[in-house]
Amino acid sequence: VMGALESRGVLRRMSDMLEMLMKRMDILARLENSTDFHKGDEARFPLDRFQPAAGLMERIQAIAQNVSDIAVKVDQILRNSLLNGKVMEGRRDQCEVPRDPKYPDCAGKVEWMRARWTSDPCYAFFGVDGTECSFLIYLSEVEWFCPPLPWRNRTVAVPSPPPPPWPQAAFRRDLARLLELIGTGKESLSFMKKRIRHLGQQWLRAARRLEQRLAGRQRDQKHILVHIGFLTEESGDVFSPRVLKGGPLGEMVQWADILAALFMLGHSLRVTVSLKELQSHLGVPPGRGNCPLTSPLPFDLIYTDYHGLQQMKQHMGLSFKKYRCRVRVIDTFGTEPAYNHEEYATLRGYRTNWGYWNLQPTQFMTMFPHTPDNSFMGFVSEELNQTERQLIKANKVSSMAVVYGKEASIWKGKEKFLAILNKYMEIHGTVYYETQRPPEVPAFVKNHGLLPQHEFQQLLRKAKLFIGFGFPYEGPAPLEAIANGCVFLQARFNPPHSSLNHEFFRGKPTSREASVSSQHPYAEDFIGKPHVWTVDYNNSEEFEAAIKTIMRTQV
């Protein structure tokens, strides 16, 4: 970016070069017309090489005239801006870095801007052009590291009108608009919408009950952004392709329920599953994410996950720190304070890929209430009326078991347990398989393949036992099974699994050294017998005795 003086110098040099080129072309033209030039040298210098010279001379003359015209205009601009230049000369000392103890970082930030302002196009977007004044204007008006410049035009403060009344939230009576907001294009979104539809009537009944309990209490309507970061292409979106192949669905169950709850409560929602949509809704300026947002954050709350948190930090600049108290992080296994506090985590060796965000620990919201440090978000379990309960009880098959796990890898190495179970019960599975390659499960297992949610519920309503083989951890399925009248049998872990001894938990911002004592600690600790049995699968006698007792037990 050149100033007017530099531009005029360049134009003059261009004009001089063109004049020199014209002189040399003139010499060539004179040589062409001389008779001596043609004698005996036609073989070495063919005439057709000089025939375009006249046309070339005309073009050069035209270019030279254009450059000359531009130079004249630049001179006019310089003369017209002389007064402004004098004014700016008077302001140069006003654009010196202020030494204000209230802004101790100002000088360092200006120094950084001098060296790096071209590193991100967002600075030019906000008017930075390489001058000291532009640095100070940016650092005082867009960011807040320097004091405001006294000579900058600022409107006189006038009393602002009182803010309009905050809109009130009203319980909704229809989920159709929510299904539109969620969008299409991903199997994960289709799964979430199917779940919302399946539970639609129960959501409506629950909203009516809560409305009656609140008895007309006023509630402010929040503007809420729901950004599901793990479903964005930029984070890899490993979940969507696995929806139809038996991948874990616990996170999508929880997100579907969060969306339905916020919507039914009457809040204004925006749902994003792409980085481009996130940037648009937040007001991210063009560039690489080093600058603040172009306008105040238009949302009262943002629900996201760790992937979304990382994306927001990368693209919001200083605005991330300014607005981070509005963020709620859906975090299945929780984040302990030791991992969340950046300085402590660094000094004590608790740094992980997912920690040190310096948020309030209660901003992390878990699937199950396994820690008092974080908040409990939870998920929805299907609610049965008395008629449904009686019908299920009458149709239970006491010798029918369903295995928890839709991926064939979960079944590997479990032949011993399955053989014992097969002595007493008919074993059913819902393992994904391709037509050409049936899953590697024992022949005595009746495998239904992947089932839609409602068909899986029907299977649970008939079965007596829902059995887990150690994975997945802390999912919603065992509670769904228990709600449908099944007994849940799971393995006890000795020693308990944690980030210190198990690959799955390694890198997660939690130790939970003693709490993951089984596949589903919540079910073990807070539900327990007769609905939940936790036994040592390495002890065949204990395992077999548990199955016999479960078959005789009424729940």
For this session: Could you tell me, in Å, what Rg and Dmax come out for the Cα atoms of segment 386-552?
Result: 15.9, 48
Exercise. What are the semi-axes of the equivalent ellipsoid of segment 175-330, taken as the square roots of 5 times the eigenvalues of the Cα gyration tensor, listed largest first and rounded to whole Å?
Worked result: 27, 22, 11
Exercise. Stretched out fully, how many nm does the piece from R99 to Y432 gain, at 0.36 nm a residue minus the Cα gap?
Worked result: 113.1 nm
Exercise. Taking R0 as 25 Å, what's the FRET efficiency between K396 and L244 from their Cβ-Cβ distance, rounded to 0.05?
Worked result: 0.25
Seminar exercise, completed: Protection proxy (average C-beta count within 10 Å per residue), highest first, orders 499-505, 479-485 as 479-485, 499-505
Seminar exercise, completed: With R₀ set to 56 angstrom, the calculated FRET efficiency between the beta-carbons of S295 and I420, to the nearest 0.05, is 0.30
Problem set entry | Rg and Dmax of segment 156-215, Cα atoms only, in Å | 18.4, 57
Exercise. Using a Förster distance of 41 Å, how high is the FRET efficiency between F526 and L318, based on the Cβ-Cβ distance and rounded to 0.05?
Worked result: 0.45
Seminar exercise, completed: Amide H neighbours of R328 at under 5 Å, excluding residues fewer than 5 places away on the same chain, with H built from the backbone geometry, are I302, Y303, T304
Exercise. Loop-only check: which GluC sites (Glu not before Pro) in segment 368-470 are DSSP coil with at most 16 other Cβ within 10 angstrom?
Worked result: E382, E383, E440
Exercise. Looking at G266, Y303, G317, which one has the Cα that reaches farthest to the positive end of the dipole of segment 175-330 (charges on Cβ: Lys, Arg +1; Asp, Glu -1)?
Worked result: G266
Exercise. Whole number please: convex hull volume per residue of the Cα set in segment 93-149, in Å³?
Worked result: 68 Å³
Problem set entry | Rounded D (µm²/s) - segment 372-466, Kirkwood Rh over Cα pairs, Stokes-Einstein at 25 °C, 0.890 mPa s | 161 µm²/s
Problem set entry | Placed amide H near G266: partners under 5 Å, 5+ positions off or other chain | R172
Seminar exercise, completed: Among trypsin sites (Lys or Arg not before Pro) in segment 456-533, those in a DSSP loop whose Cβ has at most 16 other Cβ atoms within 10 Å are R506
Exercise. Around T534, what is the net charge, scoring Lys/Arg as +1 and Asp/Glu as -1 over all other residues with Cβ under 15 Å from its Cβ?
Worked result: -3
Problem set entry | Extension gain (nm, one decimal) between H223 and F125, 0.36 nm per residue minus Cα-Cα | 32.5 nm
Seminar exercise, completed: Note to self: Kirkwood Rh of segment 178-251, Cα pairs, one decimal, Å, is 14.9 Å
For this session: Grab the Cα-Cα distance for S268 and E234, subtract it from 0.36 nm times how many residues apart they are, and report the gain in nm with one decimal.
Result: 9.6 nm
Problem set entry | segment 362-427: chymotrypsin sites (Phe, Trp or Tyr not before Pro) falling in loop per DSSP and having at most 16 other Cβ within 10 Å | Y424
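No lab work stands behind these numbers, since they all come straight from the coordinates. Values in this document were obtained by computation on a predicted structure and should not be read as measured data. Cβ coordinates were reconstructed from backbone atoms using ideal geometry, including for glycine residues, and neighbour counts include every protein chain displayed.
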